[in-house]
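Peer 1: Pasting in a structure now, in structure tokens, and then I'll have a few things to ask.
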Amino acid sequence: MVAYLDSSVLLQHVLCGDSSISKAFQHDSVISSELLNIECMRVIHRYRLTGALNDAGFVEAMRRVNQVLDGVSIVGLSDTVRVRAGESFPVVVKTLDALHLATAIIFQQKRPESAVSIFSYDQTLNRCAQALGFHVEFEASPPI
């Protein structure tokens, strides 16, 4: 089984020390969209600029993100992914969620032998993932 890692889980790990991310790495492989790095960097920089992270916290957060990303296979935002993200979904989803879900959909279509399990704390993304037939690992959404 393949774990699809959403930024909400990575950020909980990096900023709050949540160890639930280890469940994703128990799978055969961990994948995510190239959005993963972008979303995490935006949050970490925002936290630094607003004073939620000092210099030491910023450096540690960057180290932890990079450490996790070393174990994640990043899937690019291909034309196929972008087109699928612009199509209809069974429930309402935001744009970035649509891009994440489209990445998982296209990955599974290309590798039908690899079941994809979604690792996200985003309730909207999880609801749509379930409607699409994906297994969703987390139901509750801890605050960042």
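Peer 1: Quick one: residue 113 ticks every box in (1) in contact (Cβ under 8 Å) with a residue 40 or more places away in the chain; (2) out of contact with any Lys or Arg (no Cβ under 7 Å at 6 or more places or on another chain) bar one, so which box is it?
Peer 2: It fails just one condition, (1).
Peer 1: Can you name every one of the helices (runs of 4 or more DSSP H) wholly within the stretch 1-113 that holds 1 or more residues which are touching a Cys at 6+ places or on another chain (Cβ under 8 Å)?
Peer 2: Ranges flagged: 7-16, 55-69, 95-110.
Peer 1: Can you confirm whether residue 53 is surrounded by 12 or more Cβ atoms within 10 Å (Cβ to Cβ) and either closer than 29 Å to residue 111 by Cβ or under 15 Å from the mean Cα position of the chain (by Cα) (or both)?
Peer 2: So residue 53 does not fit the description; no.
Peer 1: Has the stretch 118-129 got at least one residue that is within 16 Å of residue 36 (Cβ to Cβ), touching a Leu at 6+ places or on another chain (Cβ under 6 Å) and either aromatic (Phe, Trp, Tyr) or modelled with pLDDT under 95 (or both)?
Peer 2: Yes: one or more hits.
Peer 1: Scan the stretch 57-110 residue by residue and report those that are closer than 18 Å to residue 135 by Cα and touching a Lys or Arg at 6+ places or on another chain (Cβ under 7 Å).
Peer 2: 91, 102, 105, 106 - these are the residues of the stretch 57-110 that are closer than 18 Å to residue 135 by Cα and touching a Lys or Arg at 6+ places or on another chain (Cβ under 7 Å).
Peer 1: Ok, one more. Could you tell me whether any residue of the stretch 84-97 is of a type in the set (Ser, Thr, Tyr), at pLDDT 95 or above and closer than 26 Å to residue 17 by Cα?
Peer 2: No, the stretch 84-97 contains no residue that is of a type in the set (Ser, Thr, Tyr), at pLDDT 95 or above and closer than 26 Å to residue 17 by Cα.
Peer 1: Another one. Determine if the stretch 98-116 includes at least one residue that is surrounded by fewer than 19 Cβ atoms within 10 Å (Cβ to Cβ), over 14 Å from the mean Cα position of the chain (by Cα), within 17 Å of residue 13 (Cβ to Cβ) and among the polar types (S, T, N, Q).
Peer 2: Checking the stretch 98-116: not a single residue is surrounded by fewer than 19 Cβ atoms within 10 Å (Cβ to Cβ), over 14 Å from the mean Cα position of the chain (by Cα), within 17 Å of residue 13 (Cβ to Cβ) and among the polar types (S, T, N, Q).
Peer 1: Condition test on residue 70, is it under 15 Å from the mean Cα position of the chain (by Cα), exposed (fewer than 12 other Cβ atoms within 10 Å of the Cβ), at pLDDT 95 or above and more than 22 Å from residue 126 (Cβ to Cβ)?
Peer 2: Criteria met by residue 70.
The values are calculated or read from the model by the stated rules, or taken from the named source; none is laboratory data. These numbers were taken from a predicted model, which means no experiment stands behind them. In this analysis, Cβ positions are derived from the backbone assuming ideal geometry, glycine residues included, and neighbour counts consider all displayed protein chains.
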